[in-house]
Structures are given as structure tokens and as C-alpha cells.
Amino acid sequence: MILVRCIKSVYGETVEVPIDFFETRLLFKVNNFYMAEQDNEGHLITQDEEGEPHIIADSNELLSGGSWFHEHFVLL
């Protein structure tokens, strides 16, 4: 298991009835900690605030400093 800390909140869109209505929801909250694990393909996977799994990085992103992962998370 790998511990990560969110350094910038991440939001996503959910679709509720009716289909064309989009609602923004908080996936990862700034300053919260998340347990992650790496799968066989090198993806770093964690669960959002509602317990849904998300790929937050691949093995290349963990090594590059300018990636989406490093903009939103730090490894601890």
C-alpha cells in the first residue's frame, strides 16, 4: 500500500436523472490522505470520497514531475 496526500482538490461530473443534468462532485479533497495500490500494469489506484476506484497515475507519471498526479497528489 502507498499513502498519498491530495494537494489540490479534484472534482468530477456525475450524471443524474434527467440525463442532460450534470452535477460536479468532489472526488479527492485537499489535505486528505488516501491509500493507493499499484496494479500489475503499473497504475496507481485509490478510492475517492465515495469509495469509487480511480486510476490516479501510471508508472510514467509517478516518475515525471510535471504530471497530473504531481499537480494533485504527493507520495508519502
> So which of GLU71, GLU61 is more than 10 Å from the chain's Cα centre (by Cα), surrounded by 11 or more Cβ atoms within 10 Å (Cβ to Cβ) and at pLDDT below 90?
Replying inline: GLU61
>> Condition first: in a loop (DSSP other than H, G, I, E, B) and either touching a residue at least 12 places away in the same chain (Cβ under 8 Å) or among the small types (Gly, Ala, Ser) (or both). Now tell me which residues in the range 26-51 satisfy that.
In response: LYS29, VAL30, ASN31, ASN32, GLU41, GLY42, HIS43, ASP48, GLU49, GLU50, GLY51
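Yes or no, residue by residue, for (1) surrounded by 12 or more Cβ atoms within 10 Å (Cβ to Cβ); (2) modelled with pLDDT of 95 or more; (3) not acidic (Asp, Glu):
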| position | (1), (2), (3) |
| --- | --- |
| ILE7 | yes, yes, yes |
| THR14 | no, no, yes |
| GLY42 | yes, no, yes |
| ASP48 | yes, yes, no |
| LEU76 | no, no, yes |
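The values are calculated or read from the model by the stated rules, or taken from the named source; none is laboratory data. Just so it is clear, the structure is predicted and the values come from calculations on it, not from any experiment. Note that each Cβ is placed from the backbone with ideal geometry, even for glycine, and that neighbours are counted across all protein chains shown.
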